[in-house]
Amino acid sequence: MKKLKTLLLTGTLLLAPFILTANAEAAPITLGLSNWPGWVAWYVAEHNGYLKKYHANFKLVWFTSYMTSVEALSAGKIDANCQALIDTLAPVDKGVPIKVVLVTDNSHGNDALMVSNSITTFKQLEGKTIAVRMDSIEQYLDEYALTKNNIPTTSIHFVNMSTGNAAAALMAGRVEAAGVWNPWIQRIENKKLGHALFSSASAPGVIPDVVAARESVLKAYPQQFVNLSKAWFATVKFIKEHPKQAAAIMAPHVELSPAVYLTALSGTRLFGPKLNMEAMDPAEKEKSTSLYKSTKDTSVFLKKVGAISAEPNPSNFLDPEFIKKAEGK
């Protein structure tokens, strides 16, 4: 989902896991993040002093490659990470000891199936080529859109490309469609070389983003994750009340102007305490915001592409304890 600034991923990260030990209680807990508005928002928490205010002893670790951050968490090189639920299920299925402790957001327009200007209906996509990183969030959204519009996925030719290359191929006219996220959506639109036939704004809850953490760290420092939740809720409140100020804080971290980043921010539905508790409550599993529903729906796609062997049980990897305590529940 995600353009990026340079990460100083030193040998320390590559050779020595950041995972906390009993002898390093004062060391900050490492939280990985990459270029997605719902995660760049942590810099608002840092800038506004919310991490300090709520005594959340966390170090933000920037990754230029989103999937590298997912792999780093699974390998125990960082303590927690900001990642999509869809990319959390495979590690869970493989037995990686992680739990989801916080929902940062739902994509609400920042992921899209972009098409050439000559295509205006889904029917016109039959027999055409969609460039997309295969087995990814974008392929999942593309297939969701096709199915929702009664177009068999078998009638489409998918070609595997990185998101940047997929956007470039669409703009150059080499493919008729591409599954991309911002800032590629904006670049295609600004150049008037394509438009969104479908976006995550029309798919509420399909792409939830979360904070996942190593179980060992959660057990060692539970209060820290309560504090992190408090800092996040304060951040969401600030962004909703002061979006322009928030965009000005966030934009430099992704080398974009505040005006451009404000548009990207509007395509992200940030989750405060109410939506967090709703998302992790099994009694609310029929709602679009529910991670129980998202897990069930996403697992169908992941099993089809061979990413998981079976649908994970959300009650085994969702831990709402920290958000509840943050709200005094």
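Computed from the coordinates by the stated procedures, all read-outs in this text should not be read as laboratory data. Just so it is clear, the model here is predicted, and its values are computed rather than measured. So basically every Cβ, Gly included, is an ideal-geometry build from the backbone, and we count neighbours across all protein chains shown.
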Rh (Kirkwood, all Cα-Cα pairs) for region 111-202, Å, reads 12.4 Å
Given unit charges at Cβ for Lys, Arg (+) and Asp, Glu (-), the dipole magnitude of the chain about its Cα centre in debye, nearest 20, is 480 debye
Against the rule of thumb 2.2 N^0.38 Å, how large the Cα Rg of region 29-133 comes out
1.37
Relative contact order of the chain, pairs being alpha-carbon contacts under 8 Å that are 6 or more residues apart, as %
25 percent
Residue separation between Gln124 and Glu255 times 0.36 nm, minus their alpha-carbon distance, gives in nm 43.5 nm
Given only helices, namely DSSP H runs of n ≥ 4 each adding -39500 (n - 2.57), what is the per-residue ellipticity at 222 nm of the chain, to the nearest 500 deg cm²/dmol?
-11500 deg cm²/dmol
Over all Cα pairs of the chain, how is the pair count split among 10 Å bins, expressed in % and running from 0 up to the last occupied bin?
6, 27, 35, 24, 7, 1, 0
Ratio for region 255-329, C-alpha Rg to 2.2 N^0.38 Å, reads 1.41
Rg followed by Dmax, in Å, when region 84-160 is reduced to its Cα trace
15.3, 48
Extension gain Lys274-Gln245, at 0.36 nm per residue separation less the Cα-Cα distance, in nm?
8.1 nm
Given charges at Cβ of Lys, Arg, Asp, Glu: the chain dipole, positive-most of Asn316, His108, Ser136
His108
Which FRET efficiency value, to the nearest 0.05, is calculated for Asp281 and Ala201 with the Förster distance at 30 angstrom and r the Cβ-Cβ distance?
0.80
